[in-house]
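Student: One structure is given below, represented as structure tokens, and several questions about it will come after.
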Amino acid sequence: MNKFLTTLKNIWSIEELRKRILQTLLIIVIFRVGSHVVLPGVDVAKLKDLTANNGLLGLLNTLVGGAFKNASIMALGIMPYISASIAIQLLTLALPYFSKLQKEGESGRRKLNQITRWVTIAVAAAQGFTYVQTTIPTDAILVGQGLFYISSVLLIVAGTVMCMWLGERMTEKGIGNGISMMIMIGIVSRLPGAIFGEATSRAGSGQVLFFVIEIVALFMVVLFAVAITQATRRIPVQYAKQIVGNKVVTGQRQYLPLKLNIAGVMPIIFGQALMFIPGLILNYLAESTKNDTFQDWAIIMNSPTSWQYCLIYAVLIIGFTFFYTAISINPNQIADDMRRGGGFIPGVKPGQPTSDFIANVLDRITLPGGVLLAVIAILPALAGLLGMTQNFASFFGGTSLLILVGVVLDTLQQIESYLLMKRYEGLMQSGRIQGRQAVSTVSI
């Protein structure tokens, strides 16, 4: 306890770090206040909850901290920006123009950021119009429908732009990645209510001990997620001696870190999005043909707790893990950069053999990484089968848990870097906190 208090004192004594923490807290307050501002002209009491039995919309509602269900001006949160960032990232692999911008350094990065912002506005407008039409019933609209639709879409787009601006300010003036932090805050804001709801449910049925076991299990699941996020396969890289001016620089041995979970939360998001397609098709076939077989399979594919649903979900996650790893890591480029820098992997020839070696290592770590990611994604369904409330079960795995763990580790790394820079002892007595990829570029 004394070490913890001393660490807090050291953090507060660093002026720059103190200012960044206070600015981060201020931006979080602004974001949470905006999430509770309801669209004008809406009767909140008559809103229908589309997130109750819809996993994808429920996930979106969780990521934006409940603003989606409450018809807030920030109902879409930062999600259109995430979608735009992913689209631009994929375009850099498919179109030469975007690939060229990515290689132009700082100027190219600024152009890509500007394009991402414009794409964000377009995505927010399209999603905002769909949201207003499908979420808000006509009897809940207190003004003219035409005026309401126009004003609501404009306000939702403005709310998204506001979230994007707050995220960029948090990245520049605060701690860690602002986009990831805002997603985490949306998730964390629902945790106290989920724990209270689960405690009330268990206490009402006389299962207080079972609730304590659930808390311990949640702690163990978090440790499991941390281990998966931090697990890294280090490939030794030896650099030859180089002559710089009149000096001979001794060769050094470094390591090429390849994370077990390179894809992050993206396979879970993609898999969860695609799992609605079979259900929709089977529902259509069941209604059009009146066939009992189609009806039974439609019920199965719309039930996240069925073993058939979980199996298909796990296969999709593993497949997307391989796909996203393949587009994120280019072994040929790594081998070329290593050769230009005078580095080589001991026992492996430079060039194509090095590329093949790195590709083989990626294949070997991606499969167990995808399987473990699928296990995390299925855990909320298993928790639901044990009688946990839906809100509390969602924190036992899936996107919410991975984002929480990743952002917290990233924030701790940022704080520790300031402490070590000022020659204070870090947050951990042993070891170092490893960083991760930001959610905005992969992940969410």
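Student: Counting only protein heavy atoms and using a 1.4 Å probe, what share of the accessible area of the chain belongs to carbon plus sulfur, as a whole percent?
Tutor: 64
Student: Charges at C-beta only: +1 for Lys and Arg, -1 for Asp and Glu. How large is the resulting dipole of segment 119-213 about its Cα centre, in Debye rounded to 20?
Tutor: So the magnitude is around 160 debye.
Student: Quick check: residue separation of residue 100 and residue 162 times 0.36 nm, minus the Cα distance between them. What number comes out in nm?
Tutor: Values: separation 62, 0.36 × 62 = 22.32 nm, distance 2.96 nm.
Value of the extension gain: 19.4 nm.
Student: Post the alpha-carbon centroid distance, segment 248-322 to segment 115-170, in whole angstrom.
Tutor: Distance between centres, Cα-based: 29 Å.
Student: With everything on Cα atoms, drop me the angle between helix 398-421 and the longest principal axis of the chain, reported from 0 to 90° to the nearest 10.
Tutor: 40
Student: Also, quick follow-up: Evaluated at 25 °C with a viscosity of 0.890 mPa s, what Stokes-Einstein diffusion coefficient in µm²/s does segment 119-175 have when Rh comes from the Kirkwood expression over alpha-carbon pairs?
Tutor: 196
Student: I'd like to compare 2-13, 120-131, 329-340: which one has the highest average count of other Cβ atoms within 10 Å, and what's the full order after that? Write down the numbers at each step before the final one.
Tutor: Numbers: 2-13: 11.9, 120-131: 18.4, 329-340: 15.4.
By packing density, highest mean first, the sequence is 120-131, 329-340, 2-13.
Student: Quick one: angle between helix 208-230 and the longest Cα principal axis of the chain, in degrees between 0 and 90, rounded to 10, please.
Tutor: With both axes taken from Cα atoms, the answer is about 40 degrees.
Student: Suppose a student asked you for the relative contact order of the chain, using Cα pairs under 8 Å spaced at least 6 residues apart; what percent would you report?
Tutor: Relative contact order here is 18 percent.
Student: At a Förster distance of 25 Å, what's the computed FRET efficiency of residue 32 paired with residue 90, Cβ-Cβ distance as r, to 0.05?
Tutor: Here the calculated transfer efficiency is 0.20.
Student: So for the pair residue 367, residue 336, with labels modelled 7 Å out along Cα→Cβ, what separation do we get in nm?
Tutor: 3.0
Student: Is there a quick way to get the dipole size of the chain? I mean about its Cα centre, with the Cβ of Lys and Arg at +1 and of Asp and Glu at -1; what is the value in debye to the nearest 20?
Tutor: 1700
Student: Kindly report the accessible area of segment 102-240 per residue (heavy atoms of protein chains, probe 1.4 Å, no ligands, DNA or RNA), in Å².
Tutor: Accessible area per residue: 50 Å².
Student: Plugging the Kirkwood radius over Cα pairs into Stokes-Einstein for segment 317-359, at a temperature of 4 °C and a viscosity of 1.567 mPa s, what D comes out in µm²/s?
Tutor: For the chosen part, D equals 117 µm²/s.
Student: Tell me the mean residue ellipticity at 222 nm calculated for the chain from its helices only (DSSP H runs of n ≥ 4, each -39500 (n - 2.57), averaged over every residue, nearest 500).
Tutor: For the chain, the value works out to -22500 deg cm²/dmol.
Student: Could I ask something else about it? Long-range amide H contacts for residue 256: which residues qualify at under 5 Å (H placed 1.01 Å from N, peptide plane, sequence gap of 5 or more or a different chain)?
Tutor: Those lying under 5 Å, H to H, from residue 256 are 235, 237.
Student: Normalise the Cα radius of gyration of segment 118-219 by 2.2 N^0.38 Å (N = residues in it) and let me know the number.
Tutor: Working: Rg = 20.0 Å, N = 102, 2.2 N^0.38 = 12.8 Å.
The value comes to 1.57.
Student: State which entries of 3/259; 69/259; 103/173; 100/259 exceed 29 angstrom in Cα-Cα distance in the structure shown.
Tutor: Working: 3/259 31 Å; 69/259 36 Å; 103/173 26 Å; 100/259 27 Å.
Where the Cα-Cα span goes over 29 Å, the pairs concerned are 3/259; 69/259.
Student: Next up: Return the tail of the calculated pair distribution for the chain, meaning the percent of Cα-Cα pairs more than 41 Å apart.
Tutor: Cα-Cα pairs of the chain separated by over 41 Å account for 23 percent.
Student: Against the longest principal axis of the chain, how steep is helix 191-204, in degrees 0 to 90 to the nearest 10, with axes from Cα atoms?
Tutor: 50
The values are calculated or read from the model by the stated rules, or taken from the named source; none is laboratory data. Predicted model, so just to flag it, every value in this text is computed and none were measured. Glycine also receives a Cβ, built like all others from the backbone with ideal geometry; neighbour counts cover every protein chain displayed. For accessibility, only protein heavy atoms count, side chains too; no ligands or nucleic acids. Shrake-Rupley method; radii C 1.70, N 1.55, O 1.52, S 1.80 Å.
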